[in-house]
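Report on one structure; see the data block that follows.
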Amino acid sequence: MDDKTVTLVAFFVEIAPVPNTLDLLRQEGIDETDMTVISNMPYSSSILGRPMVWERLPIISLSGAFVGLLIGLFLNVGTPLLYPIRVGGQPLIPIPPSLVLTFELTMMGLIVSTFLGVLWESAFPSHGPRIGNPRISNGQIGVLFECAVDEKDRIVAVLEKQGVHDLEIINREERTL
């Protein structure tokens, strides 16, 4: 945020006017990345009319499972082929124990990569504007956005037509979460 932009938060009592408000803010030139909906309940992007956010965690988890599968196959198939030891009529690669070990290593890769993926997603959050406000905890819905200082009055007029309950200007030092 620089000196030419201002951060506003519009509070609504109900969720119904929020999707229309987001559409109007987009029409006024506010970028999607500059808007944040804050509520005490998780609302899906389809309810709010926002683009769907694709998560990286399933890809990270499946990648870990694939790596675990490869390690399991290497240990069960690769090692006996590299260092063959024939033991009294038993097969070089016994199938039942190999399946168990491959399954266990696949699941271990899935679990470890999911844990690390959750840490990764938690340690590197989005850098959009965010605040903490007791009204959000009490059930109101906040639409937080940045706009140019010279456009503020026009956007406030648009928000008042949408039935905004309260409107607040956020100072630079108040922006925390």
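In the stretch 36-85, which residues are closer than 17 Å to LEU22 by Cα and basic (Lys, Arg)?
Correct list: ARG50 only.
Which members of the stretch 1-48 meet the condition of being among the polar types (S, T, N, Q), in a helix (DSSP H, G or I) and loosely packed, with under 14 Cβ neighbours inside 10 Å?
ASN20, GLN27, THR33, SER45, SER46
Tell me, which residue of the stretch 55-69 that is among the small types (Gly, Ala, Ser) and within 10 Å of GLY117 (Cβ to Cβ) is surrounded by the most Cβ atoms within 10 Å (Cβ to Cβ)?
So the residue we want is GLY64.
Residue by residue through the stretch 32-85, note down the ones that are touching a helix residue (DSSP H, G or I) at 6+ places or on another chain (Cβ under 7 Å), in contact (Cβ under 8 Å) with a residue 60 or more places away in the chain and hydroxyl-bearing (Ser, Thr, Tyr).
If the condition is that a residue be touching a helix residue (DSSP H, G or I) at 6+ places or on another chain (Cβ under 7 Å), in contact (Cβ under 8 Å) with a residue 60 or more places away in the chain and hydroxyl-bearing (Ser, Thr, Tyr), then SER39 is the only one that fits.
Rundown of residues vs (1) closer than 14 Å to GLY142 by Cβ; (2) under 15 Å from the mean Cα position of the chain (by Cα); (3) among the charged types (D, E, K, R), yes/no style:
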site	(1), (2), (3)
THR5	no, no, no
VAL13	yes, no, no
LEU22	yes, no, no
ILE30	no, no, no
THR33	no, yes, no
TRP54	no, yes, no
ILE59	no, yes, no
VAL67	no, no, no
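Tell me yes or no: at least one residue of the stretch 88-106 is of a type in the set (Asp, Glu) and closer than 26 Å to ASP31 by Cβ.
No, the conditions are met nowhere in the stretch 88-106.
Bear in mind these aren't lab numbers, they're just calculated from the coordinates by the rules spelled out. Since this is a predicted model, take the numbers as computed values, not measurements. Don't worry about glycine lacking a Cβ; one is built from the backbone with ideal geometry, like all the others, and counts go over all protein chains shown.
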